[in-house]
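Every number here is computed from the coordinates shown, using simple stated rules; none is lab data. Since the model is a prediction, treat every value here as computed from it, not as a measurement. FYI the Cβ positions are ideal-geometry reconstructions off the backbone, even for glycines, and counts take in every protein chain you see.
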There are 2 protein chains.
Amino acid sequence: MQRIVVLSGGIGGARFLRGLRRAAPDAGITVIGNTGDDIHLFGLKVCPDLDTVMYTLGGGIHDGQGWGRADETFTVKEELAAYGVGPEWFGLGDRDFATHIVRTQMLGAGYPLSAVTEALCRRWEPGVTLLPMTDDRVETHVVVDDGEGGRKAVHFQEYWVRLRAAVPAHAVLPVGADQAAPAPGVLDALATADVIVFPPSNPVVSIGTILAVPGLREGIADAGVPVVGLSPIIGDAPVRGMADKVLAAVGVPSTAAAVAQHYGSGLLDGWLVDTADADAVGAVEADGIRCRAVPLLMTDIDATAAMAREALSLAEEVKAA
Amino acid sequence: MQRIVVLSGGIGGARFLRGLRRAAPDAGITVIGNTGDDIHLFGLKVCPDLDTVMYTLGGGIHDGQGWGRADETFTVKEELAAYGVGPEWFGLGDRDFATHIVRTQMLGAGYPLSAVTEALCRRWEPGVTLLPMTDDRVETHVVVDDGEGGRKAVHFQEYWVRLRAAVPAHAVLPVGADQAAPAPGVLDALATADVIVFPPSNPVVSIGTILAVPGLREGIADAGVPVVGLSPIIGDAPVRGMADKVLAAVGVPSTAAAVAQHYGSGLLDGWLVDTADADAVGAVEADGIRCRAVPLLMTDIDATAAMAREALSLAEEVKAA
């Protein structure tokens, strides 16, 4: 059985995984999920990226918006607002609330997030092994202007959901990452992987945060297997989300080639860019990263499965080289 | 301004209070609510009696069933069940969940239950000052057969909601009551009261639990004002609930006269029985408790207001005597 490890953020990673599962139905897929986006709301622990992967692969996702549950209602949130309790800008639905209630209750009972995630996945049967990157608390903060000539750090969700990434991001800080340990199973999955994939997730706040957990970069390098990625940037703009904004914060241009160079040939062996960025192939390969231009729009599951096949095929090519 | 203090359980007390508010619109009413029914569910603190009073007086109650919210939905509960997380026998609706989330979050932030209750009431404007009997944890347990020849103690909600009070109750234990202190405001309210009322709430698990908090009985006796009650028993049966079952557990017959005698003339000055129990008046008065027979069915708010007027009138009579 082929063992594939994927480092994933939310929507982009989750949709890619749906295609990968289709492309490699017999593979054992382990997902190392970003938890830097996690947030405590209403006294509950919310893990947006883990849940997006779980709901997407488990058939519970709101397909149109890419996050949250299908057929969702917002009664609890409306009632909380009637008590004057917010934030009102974070869209927690009633179905979604149940997930956070179960998670918070289990965490309160002493289970680590990895065990909680496993328990939640028993319902959703995502067809992959979903691991949080760490059981420790890591919180991605974004440094923005404070409106009074200074700067302040806000939670990533506040930057992204409340401020809609419409203000300049000066820095991205994975607070607590330097003290975090990989969750149980993470290093083992890397050590026994046949291929490691970076899906078209955000290179800074999703995959970058995962890579900020001590031991993760080394685990990937030491695995000695092909590491291939798919560009989340097409034609100098992110397909979705705010990758351009947070790339700027870390001084990386918003291009497919620059993202590959940001990961670097020490980490990345292969890189897929969209056909629109075919002229970037030369620059990436000049940096020692094998590169191909293929269609990278996840318009439907067939197109996504084709992308996954291209990634696995590129990994084979790397291995054979 | 007349100051009325009412010791209240859930449905019966809440409905009586609606009538009392109508009967004495200019009075300052303080409600000392039972918290022995409180239960932790899904990691959340649920206070059924306080909420029933708050929702009933605040216009949010499900009128037909007497507890829970009007126009309620049960999405969160269904989702919790899909995770295999129960108990399924306790009916927490989505609107109701919001109350418990706010409460739990405030308790977690360090506020005592009395402050939390005050905050929740700012939304509901119940027209009374609602105080929990204590900020400390008290949990009413009921001793039942364990099905293996022995006995066990179960939470009151399990006895009442899950077992539907269909098994014999051997004892009622207000666990923690002996270590509890009256909540801020409780003793002050008693000390400055003009009249103290026991509504037709359960004499054992509602009013009995409140009276089990050290200092409450003394506070009532020391107030030196009329203490009048309304019988929850009509024609040897409780109007609603399981008062007969828990009265049996404490060795008290299920009659209007026996409940008055259970409270005793040391505590109670006046007692209203239903016209169906007019023949009990003599026995109650023989015990030194002034007694009248009046209609005691809370069929609508007018009938309930009339009951409240009778109680206040009886208090005047006690005072004049």
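The table that follows gives values for the structure above.
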{"read-out": "For chain B, calculated [θ]222 nm from helices alone, where every DSSP H run of n ≥ 4 adds -39500 (n - 2.57)", "value": "-11000 deg cm²/dmol"}
{"read-out": "For region B:74-114, alpha-carbon Rg and Dmax in angstrom", "value": "12.1, 34"}
{"read-out": "Copies compared at A:GLY91 - label distances in nm, ascending, label defined 7 Å from Cα in the Cβ direction", "value": "3.2"}
{"read-out": "Cα-based Kirkwood hydrodynamic radius, region B:1-143, one decimal, Å", "value": "15.7 Å"}
{"read-out": "Contact order normalised by residue count of chain A, Cα under 8 Å, 6+ apart, percent", "value": "19 percent"}
{"read-out": "Rg and Dmax of region A:69-139, Cα atoms only, in Å", "value": "14.2, 40"}
{"read-out": "Rotationally averaged projected area of chain B (alpha carbon convex hull; nm²)", "value": "16.1 nm²"}
{"read-out": "Residue order, fewest to most beta carbons within 10 Å, for A:ARG309, B:ARG164", "value": "B:ARG164, A:ARG309"}
{"read-out": "Loop GluC sites (Glu not before Pro), region A:62-106, which have at most 13 other Cβ atoms in a 10 Å radius of their Cβ (DSSP)", "value": "A:GLU88"}
{"read-out": "At 0.890 mPa s and 25 °C, Stokes D of region A:110-173 from Kirkwood alpha-carbon radius, µm² per second", "value": "173 µm²/s"}
{"read-out": "Inter-copy spacing of A:HIS40 label points, which lie 7 Å from Cα along Cα→Cβ, given in nm from shortest upward", "value": "1.6"}
{"read-out": "Label point 7 Å beyond Cα along the C-beta direction, distances from A:GLY147 to other copies (nm, shortest first)", "value": "5.9"}
{"read-out": "Helix A:113-124 vs. chain A, principal-axis angle (Cα, 0 to 90°, nearest 10)", "value": "90 degrees"}
{"read-out": "Descending semi-axes in whole angstrom, ellipsoid equivalent of region A:1-66, from the Cα gyration tensor", "value": "23, 14, 9"}
{"read-out": "D_trans [Stokes-Einstein, Kirkwood Rh over alpha-carbon pairs] for region B:168-250, 37 °C, 0.692 mPa s, µm² s⁻¹", "value": "235 µm²/s"}
{"read-out": "Pair-distance profile P(r), taking every C-alpha pair of region B:105-147, with 10 angstrom steps and integer %", "value": "23, 39, 21, 13, 4"}
{"read-out": "Most mobile of A:PHE156, A:PHE74, A:PHE97 in a GNM of chain A (Cα contacts under 10 Å)", "value": "A:PHE74"}
{"read-out": "With eigenvalues of the C-alpha gyration tensor scaled by 5 and rooted, region B:218-284, Å", "value": "21, 15, 10"}
{"read-out": "Relative pair counts by distance (%), Cα atoms of region A:36-75, 10 Å bins", "value": "30, 49, 21"}
{"read-out": "From phi via Karplus (6.51, -1.76, 1.60), per-residue ³J(HN,Hα) for region B:181-197 in Hz, x at Gly/Pro", "value": "10, x, 5, x, x, 5, 5, 4, 4, 5, 5, 10, 6, 9, 7, 10, 10"}
{"read-out": "Between region A:277-321 and region B:70-92, the alpha-carbon center distance in angstrom", "value": "46 Å"}
{"read-out": "Considering only chain A, percent of DSSP beta bridges that pair antiparallel, nearest 5", "value": "45 percent"}
{"read-out": "Residue order, fewest to most surrounding Cβ atoms within 10 angstrom, among B:ILE234, B:ILE29", "value": "B:ILE234, B:ILE29"}
{"read-out": "Exposure proxy ranking, count of Cβ atoms within 10 Å, fewest first, for B:ASP274, A:ASP51, B:ASP194", "value": "B:ASP194, B:ASP274, A:ASP51"}
{"read-out": "Hits among lysines - C-alpha to C-alpha of B:LYS77 under 26 Å, sequence gap 8 or more where chains match", "value": "A:LYS45, A:LYS77, B:LYS45"}
{"read-out": "Region A:127-275: radius of gyration and largest Cα-Cα distance (Dmax), Å", "value": "15.9, 51"}
{"read-out": "Cα-based equivalent ellipsoid of region A:256-302: semi-axis lengths in Å, sorted from largest, via gyration tensor", "value": "20, 11, 8"}
{"read-out": "Amide H contacts of B:LEU130 (H built 1.01 Å from N, under 5 Å, at least 5 apart or other chain)", "value": "B:VAL31"}
{"read-out": "As computed over the protein assembly as shown, the Cα convex hull volume per residue (Å³)", "value": "168 Å³"}
{"read-out": "For region A:191-321, the spread of Cα positions along each principal axis, largest first, Å", "value": "34, 31, 30"}
